[in-house]
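**Student:** Let me begin by handing over the structure; questions about it come next.
The values are calculated or read from the model by the stated rules, or taken from the named source; none is laboratory data. Fair warning: this is a prediction, and the values are worked out from it, not measured in the lab. Note: ideal-geometry Cβ built from the backbone for every residue, glycine included; neighbour counts use all protein chains shown.
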């Protein structure tokens, strides 16, 4: 078994970042002191979606799901007392990845750290944002251009950086099976490589191929997941040689285990699920991830606190130092079952990857979205019928109560004060910087974008001049033509559908994503189910302000409004939407909210006038639709 000073068989990460940069920096240093071996930075939704902290759309979201980064001063505070040449930094960032990368490089330049000494990863995968996470900003074509700009720049200037994670994780979270996860991820990686190939000489391109990394999922079904990991490893090596002539490419991946299996009911059981889900990606010596991060066991209820992050860290440390899993050669070599399942998965994944590549980046968005919708519906139906058993959800329902109930109540005043502090510091930053230098750098960025140049060098100059996240985004919107709404993918046939009641009167429902949270699984499943029930569904899209939601409800003359929020802004969204409905004389329209809503907040929402609250434990689609129909009937 490894000793503490031995080279670790994989890198242990926790996903951290909250509030402002100073708070997050303290959390980073605590985690490193506890034995964490790399930093995985979570950014708040305004940063991910390209808004400054004082933008109206950022209200209620600043510092919520991660750290707020408005400018290079925030980046400097985030990495205070941390040597950028000695740490490996993974940034979960996509649409604004070139900007956050530019801030990081600009900070390294300021500190005198050579660019070739930087080590880390930017996720920088836009395809899955269009179909899974929803933090995309620009249309498909400019999105792919920005993604590949970062890859090309890093290959020339920051060769130790992993410029993209081709993500399979989010596809599995959104309804994909094992072969689909691999096929969508590898198909996307091939499209990115096809786009950059003309820009690099043969040697540089081969180097980029070897640096492409992946971010994958690991689920609870051990044999299919072990086969999936082995199929990933084998297929990537094979396609890099067959498609590009680059030999000896190793599959390089980080992993987070599956969050969609984590339940609000009996959350302690999730501790066991998380440990089991870790096994498929570490057991095979020839098919092992390079980095692993585990969620908090109460993720279905709220964001993890320090104690939950420590438990996730200890889970990995037990696996690494006590179980002996890294002591042996590959224990699955020669297994007929594993080899058979690996071959089947690999063949289907190659078919899917080839199909995605042939379709092309933009058209692939609709194609993948529809297949993920079908997967979600079919998985929900399997739970409903009992074909799939989930402990605490459709079997073994008695609550055990092993640990004390978690307190997810927030100090609302403290959260508001922290956000106000971030906004005030941003205003001071703008007041103290050289406005002329900022504008000159902004014009350079705008010209680069319009002329089709690589925008990373001009983004670094804009960062050094003191530009902000929102200003960077608006400059590129000026060049590329504004924000893009991706298709939801509802027009799809399914092999088995969820059971729903039938509505017996004309009924229109508005479904919306309030705030900046872009996860659409629940909205897609509910929209599909409501259509099956005979309701007319109006979907207003992502990043909707409360005013826009209320205006759409009145304009569309709907009978009920449903808003999804998974990022902690539910109270702010509900209060604002209800106030806006009242201003329009439409406060008789029932308003419901669903998502990650701690029980402690339910009464506050009801006091505001919310008609119903749905959380992950309300997984019976029939009952949810039935409740919506009855609320709409009462209005009618």
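**Student:** Which one of these is under 15 Å from residue 566 (Cα atoms) and assigned by TED's automatic domain parsing to the domain that holds residue 527: 599, 630?
**Tutor:** Only one candidate qualifies: 599.
**Student:** Can I ask one more? If you check residue 326 against the conditions, is it surrounded by fewer than 18 Cβ atoms within 10 Å (Cβ to Cβ) and over 22 Å from the mean Cα position of the chain (by Cα)?
**Tutor:** The answer is no for residue 326.
**Student:** If you scan region 285-313, which residues turn out to be surrounded by fewer than 20 Cβ atoms within 10 Å (Cβ to Cβ) and closer than 20 Å to residue 227 by Cα?
**Tutor:** Within region 285-313, 285, 286, 290 qualify.
**Student:** So, one more: Suppose we filter 523, 498 for residues that are closer than 25 Å to residue 169 by Cβ, out of contact with any helix residue (DSSP H, G or I) (no Cβ under 9 Å at 6 or more places or on another chain) and outside the structural domain of residue 379 (by TED's automatic domain parsing); which single one remains?
**Tutor:** 523
**Student:** A further question on this structure: Tell me, yes or no, whether region 195-218 has at least one residue that is in the same structural domain as residue 240 (by TED's automatic domain parsing) and under 19 Å from residue 371 (Cα atoms).
**Tutor:** Yes, there is a match, as at least one residue in region 195-218 is in the same structural domain as residue 240 (by TED's automatic domain parsing) and under 19 Å from residue 371 (Cα atoms).
**Student:** What about residue 316, is it crowded, with 19+ Cβ neighbours inside 10 Å, under 22 Å from residue 31 (Cβ atoms) and at pLDDT 90 or above?
**Tutor:** yes
**Student:** Please specify each residue of region 54-69 satisfying the condition of being crowded, with 24+ Cβ neighbours inside 10 Å and either within 16 Å of residue 135 (Cα to Cα) or in contact with a strand residue (DSSP E or B) (Cβ under 7 Å, 6 or more places away or on another chain) (or both).
**Tutor:** Those that are crowded, with 24+ Cβ neighbours inside 10 Å and either within 16 Å of residue 135 (Cα to Cα) or in contact with a strand residue (DSSP E or B) (Cβ under 7 Å, 6 or more places away or on another chain) (or both): 58, 61, 62, 63, 64, 66, 67, 68, 69.
**Student:** Tally the residues that are free of Cβ contacts under 8 Å to residues at least 12 places away in the same chain and closer than 19 Å to residue 225 by Cα, restricting the search to region 236-284.
**Tutor:** The qualifying residues number 1.
**Student:** Next up: So for region 87-108 (the condition being out of contact with any helix residue (DSSP H, G or I) (no Cβ under 9 Å at 6 or more places or on another chain) and buried (at least 23 other Cβ atoms within 10 Å of the Cβ)), does at least one residue qualify?
**Tutor:** yes
**Student:** Further, regarding this structure: Enumerate the pairs (first residue in region 174-187 and touching a residue at least 12 places away in the same chain (Cβ under 8 Å); second residue anywhere and part of a loop (DSSP other than H, G, I, E, B)) with beta-carbon separation below 7 Å, excluding pairs fewer than 6 apart on the same chain, so at least 6 apart or on different chains.
**Tutor:** 181/168; 182/168; 184/168; 184/176; 185/168
**Student:** Follow-up question, since we're still on this one. Quick one: residue 411 ticks every box in (1) outside the structural domain of residue 187 (by TED's automatic domain parsing); (2) crowded, with 17+ Cβ neighbours inside 10 Å; (3) at pLDDT below 95 except a single one, so which number is it?
**Tutor:** For residue 411, the failing item is (2).
**Student:** Please tell me if residue 446 is modelled with pLDDT of 95 or more and farther than 26 Å from residue 101 by Cβ.
**Tutor:** Criteria not met by residue 446.
**Student:** Which ones in region 482-500 are crowded, with 17+ Cβ neighbours inside 10 Å, farther than 30 Å from residue 56 by Cβ and either touching a strand residue (DSSP E or B) at 6+ places or on another chain (Cβ under 9 Å) or at pLDDT 90 or above (or both)?
**Tutor:** Within region 482-500, just 500 meets the criteria.
Residues are listed down the side, and each one gets a yes or a no for (1) under 18 Å from residue 244 (Cβ atoms); (2) assigned to a helix (DSSP H, G or I):
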| position | (1), (2) |
| --- | --- |
| 105 | no, yes |
| 141 | no, yes |
| 148 | yes, yes |
| 175 | no, no |
| 181 | no, yes |
| 192 | yes, yes |
| 208 | yes, yes |
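**Student:** Across region 579-601, what is the total count of residues that are modelled with pLDDT of 95 or more, surrounded by fewer than 20 Cβ atoms within 10 Å (Cβ to Cβ) and not in a loop (DSSP other than H, G, I, E, B)?
**Tutor:** Going through region 579-601 one residue at a time, the tally reaches 3.
**Student:** Restricting attention to region 605-627, and to residues there that are in contact with a helix residue (DSSP H, G or I) (Cβ under 6 Å, 6 or more places away or on another chain) and part of a helix (DSSP H, G or I), which single residue is surrounded by the fewest Cβ atoms within 10 Å (Cβ to Cβ)?
**Tutor:** Going through the qualifying residues, I end up with 608.
**Student:** Could you please give the count of residues in region 501-515 that are at pLDDT 90 or above and not in a loop (DSSP other than H, G, I, E, B)?
**Tutor:** 6
Let's see how each residue does on (1) assigned to a loop (DSSP other than H, G, I, E, B); (2) touching a residue at least 60 places away in the same chain (Cβ under 8 Å):
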residue: 489; (1), (2): yes, yes
residue: 523; (1), (2): no, no
residue: 541; (1), (2): yes, no
residue: 553; (1), (2): no, no
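**Student:** I'd like to verify a number: residues in region 230-263 that are over 20 Å from residue 9 (Cα atoms) and assigned to a loop (DSSP other than H, G, I, E, B), how many?
**Tutor:** Looking only at that region, the number is 10.
**Student:** Further question: Please indicate, with yes or no, whether at least one residue in region 54-72 is at pLDDT below 95, assigned by TED's automatic domain parsing to the domain that holds residue 195, within 15 Å of the chain's Cα centre (by Cα) and under 14 Å from residue 161 (Cα atoms).
**Tutor:** For region 54-72, residues at pLDDT below 95, assigned by TED's automatic domain parsing to the domain that holds residue 195, within 15 Å of the chain's Cα centre (by Cα) and under 14 Å from residue 161 (Cα atoms): absent.
**Student:** Would you pick out the residues in region 61-90 that are closer than 24 Å to residue 292 by Cβ and not in a loop (DSSP other than H, G, I, E, B)?
**Tutor:** 67, 78, 88, 89, 90
**Student:** Here's a follow-up. Across region 37-49, what is the number of residues that are surrounded by fewer than 24 Cβ atoms within 10 Å (Cβ to Cβ) and assigned to a loop (DSSP other than H, G, I, E, B)?
**Tutor:** Summing the residues that are surrounded by fewer than 24 Cβ atoms within 10 Å (Cβ to Cβ) and assigned to a loop (DSSP other than H, G, I, E, B) in region 37-49 gives 2.
For (1) crowded, with 24+ Cβ neighbours inside 10 Å; (2) at pLDDT 95 or above, each residue gets a yes or a no:
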position: 183; (1), (2): yes, yes
position: 190; (1), (2): no, yes
position: 195; (1), (2): no, yes
position: 205; (1), (2): no, yes
position: 211; (1), (2): no, no
position: 220; (1), (2): no, yes
position: 229; (1), (2): yes, yes
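**Student:** Have a look at 558, 563 and point out the one that is surrounded by 19 or more Cβ atoms within 10 Å (Cβ to Cβ), in contact (Cβ under 8 Å) with a residue 12 or more places away in the chain, in a loop (DSSP other than H, G, I, E, B) and touching a strand residue (DSSP E or B) at 6+ places or on another chain (Cβ under 6 Å).
**Tutor:** 558
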